[in-house]
Amino acid sequence: MPATSMEQLVALCKRRGFIFGSSSIYGGLQGFYDYGPMGVELKNQLKNTWWKDMVYARDDIEGIDTNLITNRVVLQHSGHEDTFTDPMIDCRACKARIRADFIENAKCIACGSEDLTEPRPFNLMFRTQVGPVVDDEALAYLRPETAQGIFTNFKNVMDSTVPKLPFGIAQMGKAFRNEITPRNFIFRVREFEQMEVEFFVKPGEDDKWHDYWVQQRHDWWLKQGLSKDNLVLEAQDKDELAHYSKATVDICYRFPHGLEELEGVANRTDYDLGSHTKNQDEFGITAKVLPNTDSTAKLAVQDIDTKKWFVPYVIEPSAGVDRGVLAVLAEAYTEETLENGETRTVLKLKPHLSPIKVAVIPLAKNKPELVALAKEITQILRGSIAGRVVLENSGNIGKNYRRHDEIGTPVCITVDFDTIAAADSKPEFKDTVTVRDRDTLKQDRVAIDELPNYLREKYFIY
Ligand code: ATP
């Protein structure tokens, strides 16, 4: 059964080195988290899987990596400077600043006071300055989404590759939002990562591609181990839509704190390219945009048949990496009662996401022969599989199993006395090891030579 409370996950993440509060030795900073040794592996593997599936496995998507600090003029024309706001209410009693939609019964959620201000818009973008002089000219923003870097490079990518519509540009990376009420662990934070594709299509074909991407992305999350029952598609109501969207479907996950958005799939129409293109009047853009006399690039394509230029529509599947990590952890978290009555905590992660793929454990640390063979097996596996293989040499096998269960290592290999037994005493065990399955706890005896094949075939560990 998946995690039932966020506390279980927070405790496991700290105990096993997945996620720590940022600058926690100084009391922390609200809305910021750091990833530890296991967390960085899990997060990187989720991102790598996404990149592999979105870019390498397709002929119609190219990758890109753009800056975090963003020219102000980009975010003026994208509409973010004016409209990327949340209505916010201040409590006059305790000074808490709270998102208006979090307030129920006209009471402060921090202190219960009813002495509240009217809702006021609050821009969520972090400001910074470029260069030594602090003035309006130097103002820039940390990007609130990775998408704008894709739109402003649309022409560069078109000119340097050979794309034909429909085609997409993918980007993963940090985004920053000065959330008024960060909460629920890494669900709502102020610095997070996104994995976004902007998929450019002909106007008129946008609804079809929107449906396609909702399905694709839903199925992708299933492959990361999330269960069908915990994934719910929710079409946003018209009044909830972001300023650029014609329609958005949220892929929601049943997190420990409730059913909430994991990824949004938006039909951004021609809003963004239309906002950033020069000569807007040429194209009959449907979206309402700031008149743009700043841009020097025509962000349009020519219809092959009619030779007319048009601004493509864009479908955007936009996923949060941190929310993905949280969902995968929540789904994998399992507490089970063993036959001896003990409780075992185990992360039943898909092997491709596990931080460590294989742990090699000599049964005793003071037997040089066992340790030497364990080292040799570790080296063989490091040379044959791409994921991380570790040698555990503490001599406490029970402790090792508990740790690897909790970090989700799919396979533990034990080198025991039978492995090194003389050929005539136990010939059937010579050069074999015990392979313990994390989920079933079943143990197989496998020849050392066969290990790479065994891991590939049974666990898809490459
Ligand atoms: P929400 O309604 O929860 O604030 P949103 O609709 O503003 O999210 P989008 O702008 O669609 O989010 O961003 C795309 C994705 O980025 C979201 O689906 C989510 O996974 C992630 N994301 C957005 N804001 C945050 C945040 N503050 N912390 C962590 N992830 C976030």
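The values are calculated or read from the model by the stated rules, or taken from the named source; none is laboratory data. This one's a predicted model, so the numbers in the text were calculated from it and none came from an experiment. No Cβ is skipped: glycine too gets one built from the backbone with ideal geometry, and neighbour counts run over all protein chains shown. In case anyone asks, the SASA skips ligands and DNA or RNA and just uses the protein heavy atoms, side chains included. Shrake-Rupley method; radii C 1.70, N 1.55, O 1.52, S 1.80 Å.
Results, tabulated for the structure shown:
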{"read-out": "Matching option when the condition is of a type in the set (Lys, Arg) and within 16 Å of the ligand (Cβ to nearest atom), among Lys174, Lys95, Lys107", "value": "Lys174"}
{"read-out": "Which numbered condition Asp59 misses (of (1) charged (D, E, K, R); (2) part of a helix (DSSP H, G or I); (3) out of contact with any helix residue (DSSP H, G or I) (no Cβ under 7 Å at 6 or more places or on another chain))", "value": "(2)"}
{"read-out": "Selected residue [in contact (Cβ under 8 Å) with a residue 60 or more places away in the chain, touching a helix residue (DSSP H, G or I) at 6+ places or on another chain (Cβ under 8 Å), under 30 Å from Glu331 (Cβ atoms) and not aromatic (Phe, Trp, Tyr)] from Leu391, Leu451", "value": "Leu451"}
{"read-out": "Filter pass, Lys246 being open to solvent by 10 Å² or more (accessible area, probe 1.4 Å) and over 22 Å from Thr83 (Cβ atoms)", "value": "no"}
{"read-out": "Pairs where the first residue, in segment 228-248, is of a type outside the set (Asp, Glu) and away from the ligand (no atom under 13 Å from the Cβ) and the second is part of a loop (DSSP other than H, G, I, E, B) and open to solvent by 70 Å² or more (accessible area, probe 1.4 Å), C-beta under 9 Å, 6+ apart", "value": "Lys246/Thr286"}
{"read-out": "Filter pass, Val232 being within 30 Å of Phe283 (Cβ to Cβ) and either in the same structural domain as Leu46 (by TED's automatic domain parsing) or not in a loop (DSSP other than H, G, I, E, B) (or both)", "value": "no"}
{"read-out": "Scan of segment 157-214 for residues that are of a type in the set (S, T, N, Q), under 18 Å from the mean Cα position of the chain (by Cα) and over 29 Å from Asp90 (Cα atoms), ordered by number", "value": "Gln171, Gln194"}
{"read-out": "Leading residue by the ranking (farthest from the ligand (Cβ to nearest atom)) among those in segment 28-44 that are out of contact with any Cys (no Cβ under 9 Å at 6 or more places or on another chain) and open to solvent by less than 30 Å² (accessible area, probe 1.4 Å)", "value": "Leu42"}
{"read-out": "Count of segment 440-462 residues which are under 17 Å from Phe429 (Cα atoms) and among the basic types (Lys, Arg)", "value": "1"}
{"read-out": "Identity of the residue in segment 129-145, over 30 Å from Ala319 (Cβ atoms) and open to solvent by less than 90 Å² (accessible area, probe 1.4 Å), that ends up nearest to the ligand (Cβ to nearest atom)", "value": "Gln129"}
{"read-out": "Yes/no for Gly258 being open to solvent by less than 80 Å² (accessible area, probe 1.4 Å) and over 24 Å from Ile169 (Cα atoms)", "value": "yes"}
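Here is a yes/no grid of residues against (1) closer than 21 Å to Leu299 by Cα; (2) in a strand (DSSP E or B):
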{"residue": "Asp82", "(1), (2)": "no, no"}
{"residue": "Pro87", "(1), (2)": "no, yes"}
{"residue": "Asp90", "(1), (2)": "no, yes"}
{"residue": "Glu104", "(1), (2)": "no, no"}
{"residue": "Gly131", "(1), (2)": "no, no"}
{"residue": "Glu145", "(1), (2)": "yes, no"}
{"residue": "Gly149", "(1), (2)": "yes, no"}
{"residue": "Lys155", "(1), (2)": "yes, no"}
{"residue": "Pro163", "(1), (2)": "yes, no"}
